[in-house]
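Laboratory data are not the source of any read-out in this text; all were calculated from the coordinates shown. Note that the structure is a prediction, hence the values are computed from the model and not measured. With ideal geometry, Cβ positions are generated from the backbone for all residues, glycine too; neighbour counts draw on all protein chains shown.
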Amino acid sequence: MVTSTSASEVVDHFAPNGTKTNKLLDWWKHRRGLGHVAQTVLAHVSRTPYTVVAEDIATLTTNHPLGEIRPSRAYQVDAIKNWNPGYAFTHLFHQMLEEHRGVFTWDEFREWAQHPAVEDRLWRPAQAVIEAAVASGADPKEAHEAMQWRIGVFYYSFLRELYVIARFREQDLPVLCHPLADALFRTDAWCDNVIVELYIPNPTFKTSDAGRKWKARELFADQPHFEVVELAMPTQHTFGNLHLPGPRTIDLAANKIRQALERSQARAETA
């Protein structure tokens, strides 16, 4: 199986000239004041996700990243609820993953984010947003907790995606991933021309037909050789735990990917 994926390979695969994805890539590369983000992400090579095994994540012991605040309170701080740093959260988690060479706890991520070499990517911008929210009337404690919730949700999502990718590869599916594909092209993972889009249904952020997040099938509508397989992970309702899909969910999803790969290969043979 492939053991590394570069950003250039992602671009070549997903963003040929004249496509929606190519235009989106061009816009992203030339965002005012964010050229350094593109430079960093385009130099990124994903290797560590392919060395992680599912058990590494299933047995990970970490402090609870969501804190004590509940969503109903966390989402009341509007400036934080909708905030994104210049680097997408998945960029940052993947950067640390490569430096750490394995899965990491929430506390390890917090420590990394405060290091002088990278503190301008998340830590200092987050503190500035918290201060602005407090200056606008937010309770200081709730503003800090809302920011922890905001980042912690993405941390859990990152671990869940790593787990699913590891489980697929353990079933001999040659699944690939890269933060550029994830954040920009809405592709959590892929096999050849089969795009895998993972999510837990949430009407505020994403369901199969609603939510504010772009969907891969819309972004790749002008590239019919791609097939998007949407995999909705069952919603779980226990607070403070990393929700991982069970064996049946993984098996059903893996079968959907295999069937899509067969259709893709059949189309290629008749083209």
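Amide H neighbours of Val228 under 5 Å, counting only residues 5+ apart in sequence or on other chains, H built in-plane at 1.01 Å?
Ile195
Work out the P(r) tail for the range 5-96: percent of alpha carbon pairs separated by more than 17 Å, whole number. Present the calculation step by step, with values, prior to reporting the outcome.
Values: 2834 of 4186 pairs.
Summing the P(r) tail past 17 Å for the range 5-96 gives 68 percent.
Between Thr62 and Asn255, what FRET efficiency follows from the Cβ-Cβ distance if R0 is 30 Å, with the result rounded to 0.05?
Values: r = 31 Å, r/R0 = 1.04.
Using R0 = 30 Å, I get an efficiency of 0.45.
Can you give the three extents of the C-alpha atoms in the chain along their principal axes, from longest to shortest, in whole Å?
Here the Cα extents, ordered largest to smallest, are 62, 42, 36 Å.
With θ set to phi - 60° and the Karplus curve 6.51 cos²θ - 1.76 cosθ + 1.60, what are the ³J(HN,Hα) couplings of the range 149-159 in order, to the nearest whole Hz, using x for Gly and Pro?
4, 4, 6, x, 4, 5, 4, 4, 4, 4, 4
Can you tell me the length gained on complete extension of the stretch Arg31 to Gln171, counting 0.36 nm per residue apart and subtracting the Cα distance? All intermediate terms of the calculation are to be shown ahead of the outcome.
Values: separation 140, 0.36 × 140 = 50.40 nm, distance 3.96 nm.
So the extension gain works out to 46.4 nm.
Given H placed 1.01 Å from N in the peptide plane, which residues other than close sequence neighbours of Val52 have an amide H under 5 Å from its amide H?
Those qualifying (amide H under 5 Å, at least 5 residues apart or on another chain) number zero.
So, in nm, how far is label Glu218 from label Asn82 when the simple model puts each one 7 Å beyond its Cα toward the Cβ?
Reported label-point gap for Glu218 and Asn82 is 1.6 nm.
Can you say what percent of the DSSP beta bridges in the chain, counting only those with both residues inside, are antiparallel? Round to 5.
Expressed as a percentage, antiparallel bridges in the chain total about 55.
I'd like the Karplus ³J(HN,Hα) series for the range 189-195: coefficients 6.51, -1.76, 1.60, θ = phi - 60°, whole numbers in Hz, and an x wherever there's a Gly or Pro.
Using θ = phi - 60°, the values come out as 6, 7, 10, 6, 9, 9, 8 Hz.
Take Val153 and Glu108, extend 7 Å from each Cα along the Cα→Cβ direction, and tell me the distance between the two endpoints in nm.
2.6
Ordered by residue, what ³J(HN,Hα) values in Hz, to whole numbers, does the range 48-62 give under the Karplus form 6.51 cos²θ - 1.76 cosθ + 1.60, where θ = phi - 60° and Gly and Pro are x?
Values, residue by residue: 4, x, 8, 9, 6, 10, 4, 5, 4, 8, 4, 9, 5, 9, 9 Hz.
When only Cα pairs under 8 Å and 6 or more residues apart are kept, what is the percent relative contact order across the chain?
21
Hey, got the dipole for the chain? About the Cα centre, +1 on K and R Cβ, -1 on D and E Cβ, debye to the nearest 20?
So the magnitude is around 600 debye.
Let me know the number of lysine pairs in the chain closer than 22 Å at the Cα, not counting same-chain pairs under 8 apart.
15
Order of 129-139, 143-153 by packing, highest average Cβ count within 10 Å first?
143-153, 129-139
Could you work out how much longer the chain between Val53 and Glu131 gets when fully extended? Use 0.36 nm per residue separation minus the Cα distance between them, nm to one decimal.
Values: separation 78, 0.36 × 78 = 28.08 nm, distance 3.94 nm.
Stretched fully, the Val53-Glu131 segment lengthens by 24.1 nm.
Sequence-distant or interchain residues sharing an amide H contact under 5 Å with Thr187, placed H: which?
Long-range HN contacts for Thr187: Asp182.
In nm, to one decimal, how far is the Ser6 label point from the Glu119 one, both placed 7 Å along Cα→Cβ?
That separation, rounded to one decimal, is 3.4 nm.
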